[in-house]
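Each remark here refers to the structure printed beneath this line.
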Amino acid sequence: MAYERVMGLDVIDDQVYQQYRDAMAPILKSFGGSFGFDFRVSEVLLSKTEAHINRLFTISFPSQTHMEEFFSNADYVTVKEKYFDQSVRSKTIISLYEVDT
């Protein structure tokens, strides 16, 4: 089993967002996490939120515990504050689920 999130973002600075992705990748890997799908979205036809979404991706972990530990990890939080917070206007958790691996 794996634990996966589908996320929608409103990325406002692609270059800084890519720096975030590059900086967080080794931390993500150390928690057994990975990206499955990653899309730039040009048009949202139906949404349950007022937040704009122009990026959609899946992120997967071996368990919910791994995911929670990753997002609360001090090194990750530092990277998030440096890059993510200035490159993303909003984030939307679209779905959380377990998958068979």
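The values are calculated or read from the model by the stated rules, or taken from the named source; none is laboratory data. Because the structure is predicted, anything quoted here is derived from the model rather than measured. All Cβ positions, even for glycine, are placed from backbone atoms using ideal geometry, and neighbour counts span all protein chains on display.
Checked against (1) of a type in the set (A, V, I, L, M, F, W, C); (2) over 17 Å from I93 (Cβ atoms); (3) modelled with pLDDT of 95 or more, M1 passes all but condition (3). Scanning segment 65-89 for residues that are in contact (Cβ under 8 Å) with a residue 60 or more places away in the chain and outside any helix (DSSP H, G or I), we see that the one that is nearest to the chain's Cα centre (by Cα) is V88. Being modelled with pLDDT under 95, of a type outside the set (D, E) and either surrounded by 18 or more Cβ atoms within 10 Å (Cβ to Cβ) or farther than 25 Å from E98 by Cα (or both), is that true of even one residue in segment 15-29? Within segment 15-29, not a single residue is modelled with pLDDT under 95, of a type outside the set (D, E) and either surrounded by 18 or more Cβ atoms within 10 Å (Cβ to Cβ) or farther than 25 Å from E98 by Cα (or both). Here S60 fulfils each of the conditions (1) under 11 Å from the mean Cα position of the chain (by Cα); (2) not in a strand (DSSP E or B) apart from (2). Determine whether F57 is among the aromatic types (F, W, Y) and in contact with an Asp or Glu (Cβ under 8 Å, 6 or more places away or on another chain). Yes, satisfied.
Does G36 count as outside any strand (DSSP E or B) and not β-branched (V, I, T)? So that I can check it myself, show each step before the final result.
Values: outside any strand (DSSP E or B): no; not β-branched (V, I, T): yes.
The answer is no for G36.
If I filter segment 90-101 down to residues being surrounded by 14 or more Cβ atoms within 10 Å (Cβ to Cβ) and not small (G, A, S), which single residue comes out as farthest from the chain's Cα centre (by Cα)? Looking at the filtered set, the residue picked out is I94.
Tallying residues that are assigned to a helix (DSSP H, G or I) and over 22 Å from A74 (Cβ atoms) within segment 1-33 yields 3. Could you give me the residue pairs with C-beta distances under 6 Å whose first residue belongs to segment 11-35 and is under 19 Å from E68 (Cα atoms) and of a type in the set (A, V, I, L, M), whose second residue is modelled with pLDDT under 95 and part of a helix (DSSP H, G or I) wherever it lies, and which are 6+ apart or on separate chains? No pair meets every condition.
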